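Read the figures in this text as sums done on the coordinates, not as results from a lab. Computed from a prediction, not measured in an experiment: that's the story for all the values here. Cβ: placed from backbone, ideal geometry, glycine included. Neighbour counts: every protein chain shown.
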Amino acid sequence: MRPRRRWSCTPGRYDGPLCLVEHKNSLAELARIQEELSDDPTLPVTSSWTLEHRNVVGVGVVAITPDQQRALDERYGAGTVEVLPLLTPNG
């Protein structure tokens, strides 16, 4: 990716290299996904957050089935939604 403009805020304040990263989803898109998941009655979310630097939405849930995880991957793209369940299957 080539920068479209010079960063006027860096001269004199920072003289080191500048790394630009292009992600699949914008911060606005991550926020939209987070909002959708928070309102989804089929996946009771206990907490949620966005990690812009990793380009993911994290959600805490009580439990999740493999089918629910597959559905999230199909809808938002594999790895876009990271689910942290409080309970995991035993065995």
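Could you give the radius of gyration (one decimal) and Dmax (whole number) of the Cα atoms in the range 27-85, in Å?
10.3, 28
Give the angle, between 0 and 90 degrees and rounded to the nearest 10, that separates the Cα long axis of helix 66-76 from the longest principal axis of the Cα atoms of the chain.
Roughly 30 degrees between the two axes.
Compute the angle between helix 27-38 and the longest alpha-carbon principal axis of the chain, please, reported from 0 to 90 degrees and rounded to the nearest 10.
Tilt relative to the chain: about 10 degrees.
Using R₀ = 25 Å, calculate the FRET efficiency as 1/(1 + (r/R₀)^6) where r is the Cβ-Cβ separation of K24 and S47; round to 0.05. List each step's numbers first, then the result.
Numbers: r = 23 Å, r/R0 = 0.93.
Efficiency for this residue pair is about 0.60.
Fewest to most neighbouring Cβ within 10 Å: what's the order for V45, V62?
Details: V45 15, V62 11.
So the residues, fewest neighbours to most, are V62, V45.
Please report the relative contact order for the chain, taking Cα pairs under 8 Å with a sequence separation of at least 6, and give it as a percent rounded to a whole number. If you can, show how the numbers build up before the last one.
Values: 98 pairs, mean separation 19.0, N = 91.
Normalised by residue count, the contact order of the chain is 21 percent.
Which parts of the range 29-58 would a label at T65 reach, counting a residue when its backbone N lies under 20 Å from a point 7 Å out along Cα-to-Cβ?
It comes to 37-46, nothing else.
In the Gaussian network model of the chain, springs joining C-alpha atoms below 10 Å, which of L43, L51, L20 carries the largest mean-square fluctuation?
Its mean-square fluctuation being the largest, the pick is L20.
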